[in-house]
1. With a 1.4 Å probe and all protein chains in place, put K618, K732 in order of accessible area, largest first.
2. Determine the order of D753, D716 by accessible area, beginning with the largest, at a probe radius of 1.4 Å.
3. For segment 625-789, what is the accessible area per residue in Å² when the probe is 1.4 Å?
4. Can you give the accessible area of V215, probe radius 1.4 Å, in Å² rounded to 10?
5. How large is the accessible surface of K663 in square angstrom, using a 1.4 angstrom probe and rounding to the nearest 10?
6. Using a 1.4 Å probe on the protein chains only, how many percent of the accessible area of segment 625-789 belongs to carbon and sulfur?
7. Roughly how many nanometres apart are two label points built 7 Å out from the Cα toward the Cβ at E735 and E619?
8. Looking at this model, which pairs from K105/K683; K177/K683; K683/K732; K618/K732; K589/K677; K177/K589 are more than 27 angstrom apart at the alpha-carbon?
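The values are calculated or read from the model by the stated rules, or taken from the named source; none is laboratory data. In this text the structure is predicted, and so the values were computed from the model without any measurement. Methodologically, a virtual Cβ is constructed for each residue, glycine included, from the backbone with ideal geometry; neighbour enumeration extends over all protein chains shown. We work out accessible area using only protein heavy atoms, side chains counted, and drop any ligands, DNA or RNA first. Shrake-Rupley method; radii C 1.70, N 1.55, O 1.52, S 1.80 Å.
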Amino acid sequence: MEATSREAAPAKSSASGPNAPPALFELCGRAVSAHMGVLESGVWALPGPILQSILPLLNIYYLERIEETALKKGLSTQAIWRRLWDELMKTRPSSLESVTCWRAKFMEAFFSHVLRGTIDVSSDRRLCDQRFSPLLHSSRHVRQLTICNMLQGATELVAEPNRRVLETLASSLHTLKFRHLLFSDVAAQQSLRQLLHQLIHHGAVSQVSLYSWPVPESALFILILTMSAGFWQPGPGGPPCRLCGEASRGRAPSRDEGSLLLGSRRPRRDAAERCAAALMASRRKSEAKQMPRAAPATRVTRRSTQENLTAGGTDLKRELHSPATSHEAPGTKRPPSALAATSSASSSTSSYKRAPASSAPQPKPLKRFKRAAGKKGARTRQGPGAESEDLYDFVFIVAGEKEDGEEMEIGEVACGALDGSDPSCLGLPALEASQRFRSISTLELFTVPLSTEAALTLCHLLSSWVSLESLTLSYNGLGSNIFRLLDSLRALSGQAGCRLRALHLSDLFSPLPILELTRAIVRALPLLRVLSIRVDHPSQRDNPGVPGNAGPPSLIIGDEEIPENCLEQLEMGFPRGAQPAPLLCSVLKASGSLQQLSLDSATFASPQDFGLVLQTLKEYNLALKRLSFHDMNLADCQSEVLFLLQNLTLQEITFSFCRLFEKRPAQFLPEMVAAMKGNSTLKGLRLPGNRLGNAGLLALADVFSEDSSSSLCQLDISSNCIKPDGLLEFAKRLERWGRGAFGHLRLFQNWLDQDAVTAREAIRRLRATCHVVSDSWDSSQAFADYVSTM
């Protein structure tokens, strides 16, 4: 491990740069860099030793081009690229990162630095060459691109001089990440719209990830979501896409597209953006009432049809989706329509009779949200040419405007649309009206708080996002919107060609207990293969039964048995508190294909409940190979632990910080060793953080004795208070039994610094029988830090 750390450290170089070869080679190298176009064919024919001396003197452009020739001559340029990384990037790669190609890593980072303007190519001769474009030359190595802050780089990439750069990125880029986004202006959003259209719809980007966006800008968030889902409409005033063909350029709207036009003074918006506008109208109405919601009712009001509303049997959903209730093209005449709404205040269904207009409460004007710092409020409208192109203005303002003699109030339709089976029942056109292109397969949202508007937009898109294979929602503050998410996932699962196979969900609070939420997910997505779910704290404040929240949980949870599913990997992180074992067992019984199970911080009312879970695993999960327990108090479950160690189907077991040896260690350790000696299928055992100590380590050594039938090849005894003398005796016993190399031994964060000489001797002996992974951990400092936090 020490050798690896030294290798990972940046190479020290003198102020004069890389070590200079003889003067003749240096002169030749500089000549080649200066006149490569003339001498290129001669360089390919140079002998290997001369070429090896010239390589460090070439700039990155010719060094990259000569790579293939160097490989043919048996020369590697990896050391040169690594030195360039250390000297120019001045950062050390993560210890967890395994760099397979330093050339690709350097060129990808170089592209990002040049794009953001954080590196000056003229400051180093190795980066400067007037015959090459840094962006174009390095773009073919870019597999992952990160856009930060105020969308820096988006405008540059869509500019005409960088058209070839964007075309190259469209074929090479696979992952697009957004980090720490801030409020952006209209021009930056328009550039991002074009960039996403090129990279996703006409490119190869398959994954979009958003990280750390504390205050998401709704219009920008909706733009990224809709483009990632494959929906596209050219921005107002933006240039047409030359890749979409002449048929999609500037054509007059057809009769079916009337719902996409918002009037003569409004630019065209896509349906997801109109969804957010409708939701803001709903918020405006609820703020005007300022009272708990009574019996569910739906009202859609238009002045032109106010006197024509009847109580006759008209299907509400059909009317809400019809062009008659949508925003229409100017000059289009709409025939009178009749809307019917249902009321659930009583057990019987009756017609809703419209009250006189004078008695209806008038909604307050829509509150305008604060704009980005340094920007003024909404601009004064001076005609069609001055119409704001800012989606932010549209989402938060247009819903409150009254124009062309129209008024549309959407109450419980907007709030409760996704509680039913049709997530698009928002009184607005469906997303199918937009042009649909290629969409991504992986969406990740990390620490991006989702408002009701953003959550509903996401759910609306998810219900038909059949290309999505993996979804990660991490600490998004969903709250009661989790019910709408479940409805959308259920609708997506019913779509033909649904590919969603992995779902990762984590949050601070949940209105549902985690086991009930897990049951709801596996019931909604029976074809799911990987499910990772974590809830840190149960919250009573998000009780779905209070007025104003999503529908009752009985519509989602239910008491029926879970049908058989395809789950192969299940990871669950529990909040504090005893968990009902029968609910977990019901999930396990329905997951006959389960191969990997991980329980983090799970607490059961009694050891018998834990035993019930283990018995269910043995009877119903015959394909289970890996089982992991973390941060669980198993001190009183020693018989259950022995039951697991005797299971002949498990190949890997992890007990991480489970307090295994807190009680009766002298009696329990021999029983545990005996169970392991008779298990020939167990390959890996991880016991970090269980206070094993020297005595426990020497007891485990008996697992590798001559009379043992164990095939254990991976052992993790990190953080177990092991001292150097105990480790040395463990190594001697392995040598005495002559078992040979048994695989990997992990020794992180033990007390090996108390006697460095003995520890080195022990590790030397162990390396003759296994691969040892350790670290230089300061146990005294760690103990001081622990005491300081008490």
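1. The residues order as K618, K732, largest area first.
2. D753, D716
3. On a per-residue basis, segment 625-789 sits at 46 Å².
4. Surface open to solvent at V215 totals about 100 Å².
5. 90 Å²
6. That fraction is 51 percent.
7. Once both label points are built, they end up 5.1 nm from each other.
8. Result: K105/K683; K177/K683; K618/K732; K589/K677; K177/K589 exceed 27 Å.
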